[in-house]
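> Shown below is the structure under consideration.
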Amino acid sequence: MDIQPCPPAADEVIEKIDSTNNGVEHMKMVIAALCLMAAGVVQAQTVVNLGTLPCTATHICFNVPNDGAIAVDYISDAIQYKRLVISVGGDIYDSGVWTLDGALNQTGVSLYDPLGNSILVTIVLTDYVSRTCRQNGKTCTFTHSVTLVSGNITLP
């Protein structure tokens, strides 16, 4: 491979930078600007839409169907602790205890794995309690069913 000399215009620029006292400073500024531009590049994000699924009465939905062909192992909407936990492909993402508002539906919740990586989650659940009492001795119980209606997960 032959090494070609710089074009005359490039040689003039190099000589000008070298002849000034700011040559090194100028290069530092150029490198810093390139680093800032690289840091500002937005990573492509993947939005996975969740399907409808019956869940347990304790608000845990297992093997959640989705359009992204990823394994959403479970979604645990622990509203009694104002917490949301999701396992995606074996990686567990958690909102932390007492961080949510306790509502049944959650929009734009950031969940974090142990390394600090995050996903953004929106879920819509229905919680149906029947009006019919099932008598069991002196106790009256009402049928309780939870369904994941829809939602999405934004992955980095």
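The values are calculated or read from the model by the stated rules, or taken from the named source; none is laboratory data. The structure presented is a predicted model; accordingly, all values stated were derived computationally and were not measured. Here the Cβ is made from the backbone with ideal geometry for all residues, glycine too, and neighbour counts use every protein chain on show.
> Every residue in region 107-152 that is among the hydrophobic types (A, V, I, L, M, F, W, C), in a strand (DSSP E or B) and within 23 Å of the chain's Cα centre (by Cα), please.
VAL109, LEU111, ILE119, LEU120, VAL121, ILE123, VAL124, LEU125, LEU148, VAL149
> So, in region 93-112, exactly how many residues are exposed (fewer than 11 other Cβ atoms within 10 Å of the Cβ) and either at positive phi or basic (Lys, Arg) (or both)?
The number of residues fulfilling the criteria is 2.
> Looking at region 64-106 only, could you name the residues that are in a strand (DSSP E or B), modelled with pLDDT under 95 and among the polar types (S, T, N, Q)?
GLN106
> Write out, first by first residue and then by second, each pair whose Cβ atoms fall under 6 Å of each other, whose residues are 6+ apart or on separate chains, and whose first residue, in region 76-99, is over 15 Å from LEU148 (Cα atoms) while the second is of a type in the set (Gly, Ala, Ser).
LYS82/GLY102; ARG83/SER95; GLY89/ALA71
> Name every residue in region 133-144 that is free of Cβ contacts under 8 Å to residues at least 24 places away in the same chain and either surrounded by 10 or more Cβ atoms within 10 Å (Cβ to Cβ) or touching a Phe, Trp or Tyr at 6+ places or on another chain (Cβ under 6 Å) (or both), in order of residue number.
Result: CYS133, ARG134, CYS140, THR141, PHE142, THR143.
> If you don't mind, another one. Across region 28-59, which residue is farthest from HIS144 (Cα to Cα) among those that are surrounded by 15 or more Cβ atoms within 10 Å (Cβ to Cβ) and modelled with pLDDT of 95 or more?
In this case the residue turns out to be VAL48.
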